[in-house]
Each structure stands twice: as structure tokens, then as C-alpha cells.
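The values are calculated or read from the model by the stated rules, or taken from the named source; none is laboratory data. All of these numbers come straight from a predicted model, not from anything done at the bench. All Cβ positions, even for glycine, are placed from backbone atoms using ideal geometry, and neighbour counts span all protein chains on display. Note: accessible area is taken over every heavy atom of the protein model, side chains too, but ligands, DNA and RNA are not part of it. Shrake-Rupley method; radii C 1.70, N 1.55, O 1.52, S 1.80 Å.
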Amino acid sequence: VELWQNRISSLRIWNKDETWPDVSTAALLATADEWLTPYLTDVKKVEDLEKIDLKTVFQYYLPNELREKSDRLAPAKIAVPTGSMISLRYFPNGEPPVLAVRLQEVFGMAETPVINHGKTAVLMHLLSPGYKPVQITSDLRSFWDNTYFEVRKELKRRYPKHEWPDDPWKAQPVRGVKRKA
């Protein structure tokens with residue numbers, strides 16, 4: 001639910017001229033009688049309350065047009081060159097969302113992904129095979145051209161079973177350890 005709140009809050013901040021609702025916890029609590037009442041018809045005891053799936057409830061909180069628009073403008077996940085769908089982490093204050101992805105999965109990816117009609121660049125946290133951040137960038141092209149070779153030296157030493165190509169532009173993206181033929 002918090003991830004959904006952060007996505008909608010970010011859209012509200014980024015697009016002040018549009019009608020995105022306030023979905024802060026305080027605003028939702030103040031309007032709970034509007035959005036929660038339809039889900040209380042079968043509630044007889046506390047255990048019934050616990051069965052209410054708030055994630056589903058909030059999916060229907062937005063009108064259809066805004067729900068579809070939110071999925072387009074602020075997707076929950078982004079595809080990377082390996083085909084993996086990686087979750088974006090949004091923040092309630094409208095900071096650029098973070099895409100934490102293993103470095104090897106984005107070999108050959110030239111541009112930093114953008115969302116929100118191309119107005120908001122994603123902040124990429126490039127991770128080692130051990131899922132530790134090795135670089136944070138909002139300019140992937142510059143990383144490949146300038147910083148990759150320094151990072152590569154360290155990663156090659158720490159993760160010798162993984163491929164660390166000389167040319168990341170032409171390298172095949174990899175999900176895990178590349179299998180020897």
C-alpha cells in the first residue's frame with residue numbers, strides 16, 4: 001500500500017496541473033468512510049477485518065482513467081535488457097524513483113529510463129552480483145563511457161566467475177553467472 005501511495009503522491013507532485021488525489025495516510029484515514037464502507041458489509045468480527053486486502057481496495061480507489069494513467073506515467077516495474085521486470089521504488093516527496101538492478105542486466109542499455117511523459121529520469125542503483133550498490137547514476141550513457149571501467153576492475157576481482165566485458169555497449173546482458181559452454 002505504501003508503494004502505491006508513493007507512486008500516486010509522486011504523480012501529484014510532478015503534475016500539479018492534474019487532479020491526482022491526496023493519498024497520504026492522513027487523507028485516507030479522514031475519508032475512510034467513503035472508500036472503506038463498501039468492504040465492510042460482510043465484516044462481523046475482527047478476523048473479517050484482517051481479511052480485507054487493502055492493496056486491492058486502493059486499486060479501485062482511483063477512477064479507471066487515473067488508474068490506467070498512473071500505470072503509464074509511474075509504472076510499478078520497468079523491463080531491462082535481460083527481460084527481467086524490475087520494481088521501481090517511489091518516494092512520497094516526489095524524488096526520482098530508484099531502479100535497483102544488477103549491473104550485468106543492463107549491459108547494452110544506452111539510456112536511463114524516464115517516466116512521467118519523459119519528464120522524470122529514474123535514478124539507477126547499479127548493483128554487484130551480490131546485490132550491493134556499486135554506482136548510482138541518472139546518466140547511464142556517461143557511466144558506460146566513463147566510470148564502468150573503474151568499477152569493472154573492482155568487480156572483476158571480487159566476482160571472478162562473472163563476465164566483465166571490455167565493451168559494455170556490445171555485451172550480452174546476463175541475469176546470473178554466464179554458463180560455460
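Brief remarks on what is shown
- Taking each residue of the stretch 141-167 that is over 14 Å from Q104 (Cβ atoms) and open to solvent by 80 Å² or more (accessible area, probe 1.4 Å) and looking for partners that are modelled with pLDDT under 95 and hydroxyl-bearing (S, T, Y) with beta-carbon atoms closer than 9 Å, six or more apart or interchain, yields nothing.
- Across the stretch 103-112, not a single residue is classified as in contact with a His (Cβ under 7 Å, 6 or more places away or on another chain) and part of a loop (DSSP other than H, G, I, E, B).
- Residues of the stretch 52-93 satisfying the condition of being in a loop (DSSP other than H, G, I, E, B) and under 13 Å from the mean Cα position of the chain (by Cα): A74, P75, A76, V80, S84, Y90, F91
- Tally, over the stretch 85-120, of residues that are open to solvent by less than 40 Å² (accessible area, probe 1.4 Å) and under 30 Å from T25 (Cβ atoms): 12
- Scanning the stretch 121-140 for residues that are open to solvent by 30 Å² or more (accessible area, probe 1.4 Å) and touching a helix residue (DSSP H, G or I) at 6+ places or on another chain (Cβ under 7 Å), we see that the one that is farthest from R12 (Cα to Cα) is V134.
Table: residues versus (1) assigned to a helix (DSSP H, G or I); (2) loosely packed, with under 12 Cβ neighbours inside 10 Å; (3) among the hydroxyl-bearing types (S, T, Y); (4) in contact with an Asp or Glu (Cβ under 7 Å, 6 or more places away or on another chain).
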{"site": "S9", "(1), (2), (3), (4)": "yes, no, yes, no"}
{"site": "V23", "(1), (2), (3), (4)": "no, no, no, no"}
{"site": "A26", "(1), (2), (3), (4)": "yes, yes, no, no"}
{"site": "D33", "(1), (2), (3), (4)": "yes, yes, no, no"}
{"site": "P38", "(1), (2), (3), (4)": "yes, yes, no, no"}
{"site": "V43", "(1), (2), (3), (4)": "no, no, no, no"}
